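Rule-based calculations on the coordinates, nothing more; no lab input. These numbers come from a predicted model, not from an experiment. Cβ atoms come from the backbone with ideal geometry, glycine included; neighbour counts cover every protein chain shown.
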Amino acid sequence: MNSKTKKAKNQGNVSTSIANVLSQDEIAKRVAEINSNLRSSTWRQLETKGKFDKNDKLSFISDDMLIVGCDIGSDTHYVRAIDTRGRELSRDAFPFSNNEEGFKSAKEWMLDIAARHDKQQIVLGLEPTGHYWFCIAEWLISNGISVVQVNPYAVKQTKEVEDNSQRKDDRKDPKLIANLVKDGNYGMPYLPEGLYAELRRLSSFRDQLTEDRIRNINRLHREMKIYFPEYMNAFGKLDGAFTLAILAEAPFPKDIIALGADGIKKVWHDAKLRGRGYSRAEQIVRYAESSVGSKHGSAGSRESVIWFVRQIIELGNTLDDVETMLNKKCGEIPCAENLLEIKGIGETILSGILAEMGDIARFDDAKEIQKLSGLGLVSCDSGKHKGETKISHRGRKRLRYWLFQAAKSAVAHAEEFSVLHEYYTTRPDNPLKKMQSLIVIACKILRIVFAILRIGQRYDPAKMLRDIRRQDQPVSKAA
């Protein structure tokens, strides 16, 4: 008999002995009592009263708590239960479906184990796998079960601790997750609510629309390169309003020649376009007449170009509507309008930062947001070896993207940030590369955003420059 068989047999004996001690009626009474006293804790209860550090996490996992690890899947989830000593209380992984019936069966399974082992509260740990964990986390929290999350990288790194095997599957992972929770290696999940949930969803939708629009523009470029290679000289800009209006009617040279300069101007006039574009009508016709584009398969390609153009126009209109909604929602966040006083940070960048950052109340310090965005500094030092310091790139990449865009825009439009960028890149001791300087400025903007939203103060360029540590005279005098 191998070790695994002995282990399973021992677990079965323990479960049988416990079941013999407690009758089914007694178990049912305990289940009902535990169910009525279940209380879930979220980040609002634990993280808004000061820093929720490692000691606090260990204290949160009490001896009367059942620790459940859950491996999240698209259709089926697996759970296993342990106590605070790491002893497994479940015979095997319990699978359940990603629907209400499955969630109820999982809760009944947890309550049954809790009743048999005298546990009063339940905490469930999971890996934040894509979007599949949103529904189960919300359902469990609303039903009195606390939910925490562990880093997927930590699960991967500890897979050999359990059985000295590289194997990693849906039945092994739940126990790895549960042990990480037992040792306090977890965090509280943040599920945006109310206004912040609307902001997050609108921002994500904007990103998807932007990607789709860029994808269609690239496809349009390909078709035009084949059948009208001179199109950039003729139109100047492929996704401009004047160009799209023509391509929707006459995408290829023979269509433009048939339309003529007067026909092109009429198309623009009917589309109610105004500007200097009318002067390019004759030039467009001349390039069409001398085009060396392919003639084969143009009929099929013509239909695809027209479809791409319509998609680009429709996506552009939808993007405008989403931007308007995002800006309106941002205006509802207290003190958010003060951030627009920073030159270079407009409504688009601001909405991206606020949507990805979420409720500012869950952070005690700007460094926590810096770490969340992947802008935290890391290095690998050992003895006399000093490794290169760089950002971690772990966290919300969209938040990191919007902070970097804010830094570039602020350096280009705000004098104080331009002076700061020049100082960082030209200082005599340890000058930074331009990219490094922009990262530093992005972190500075993040601290400004944190201070304005938490304290409600107004942006002061002079104070920002005075706070910068310099080797020579203060930056504010140079400015």
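Sort 348-360, 164-176, 256-268 by packing, meaning the average of other beta carbons within 10 Å per residue, with the highest value first. Show your work: numbers first, answer last.
Values: 348-360: 22.3, 164-176: 15.6, 256-268: 17.3.
Descending mean neighbour count gives 348-360, 256-268, 164-176.
Out of (i) -0.78; (ii) -0.66; (iii) -0.85, which label holds the value of log10 I(q)/I(0) by the Debye sum over Cα atoms at q = 0.09 Å⁻¹ that was computed here? Here log10 I(q)/I(0) by the Debye sum over Cα atoms at q = 0.09 Å⁻¹ agrees with entry (iii).
Database remark: amide H of residue 273 closer than 5 angstrom to no amide H (H placed geometrically; neighbours at sequence offset of 5 or more, or on other chains; Pro and chain starts carry no H).
Since only 181, 99, 164 are under comparison, the one whose Cα sits farthest along the positive direction of the charge dipole of the chain, derived from C-beta charges on Lys, Arg, Asp and Glu, is 164.
Averaging the sequence gap over all C-alpha pairs within less than 8 Å and six or more residues apart, then dividing by the number of residues, gives region 334-478 a relative contact order of 27 percent.
Projecting the Cα atoms of 150, 69, 58 onto the charge dipole of region 3-182 (Cβ charges, centred on the Cα centre) puts 58 farthest toward the positive pole. Evaluated with a Cβ-only charge set (Lys, Arg +1; Asp, Glu -1), region 334-478 carries a dipole of roughly 500 debye about its Cα centre, given to the nearest 20. In straight-distance terms, cross-link reach from residue 168 covers every one of the aspartates and glutamates whose alpha-carbon lies under 15 Å from its own, apart from those fewer than eight places away in the same chain; here that gives 71, 127, 160. Strictly over 22 Å apart at the Cα level, which of 51/367; 49/367; 329/463; 29/182; 367/390; 54/107 would you flag in this model? Those over the limit are 329/463; 29/182; 54/107. For residue 328, a cut-off of 18 angstrom between C-alpha atoms picks up these aspartates and glutamates, skipping any fewer than 8 places away in its own chain: 193, 198, 207, 320, 337, 341, 347, 356, 359. Put +1 on the Cβ of each Lys and Arg and -1 on the Cβ of each Asp and Glu in region 327-464; which of 327, 407, 452 then has its Cα farthest toward the positive end of the dipole? Selected residue: 407. Note: relative contact order over the chain, using C-alpha pairs below 8 Å and six or more positions apart, is 12 percent.
Two tests apply to each whole DSSP H helix in the chain, Cα reach of 30 Å or more along its axis and mean Kyte-Doolittle hydropathy of at least 0.5, and the ones passing both are 434-455. Each principal axis of the Cα atoms in region 3-182 has its own extent, and those three values, largest first, are 44, 40, 34 angstrom.
Would you work out the charge dipole size for region 180-325 about its Cα centre, treating the Cβ of every Lys and Arg as +1 and the Cβ of every Asp and Glu as -1, and quote it to the nearest 20 debye? Intermediate values should be presented prior to the final figure.
On the way: 21 positive and 20 negative charges, 90 e Å.
With only Lys, Arg, Asp and Glu charged at Cβ, the dipole is about 440 debye.
Beta-bridge orientation, the chain: approximately 60 percent antiparallel, per DSSP, counting only bridges with both partners inside. The lysines within cross-link reach of residue 295, meaning a Cα-to-Cα straight distance under 30 Å and a gap of 8 or more places when in the same chain, are 225, 237, 254, 265, 266. Rounded, prolate or oblate: which fits region 370-479 when a ≥ b ≥ c are the square roots of the eigenvalues of the alpha-carbon gyration tensor, with rounded for a/c under 1.5 and prolate only if a/b beats b/c? It is oblate, given that a/c is not under 1.5 and a/b is not larger than b/c.
Pairs of Cα atoms in region 272-313 fall into 10 Å distance bins, from 0 up to the last occupied one, in shares of 22, 33, 41, 5 percent. Charging the Cβ of each Asp and Glu at -1 and of each Lys and Arg at +1, and nothing else, the dipole of the chain about its Cα centre rounds to 1340 debye.
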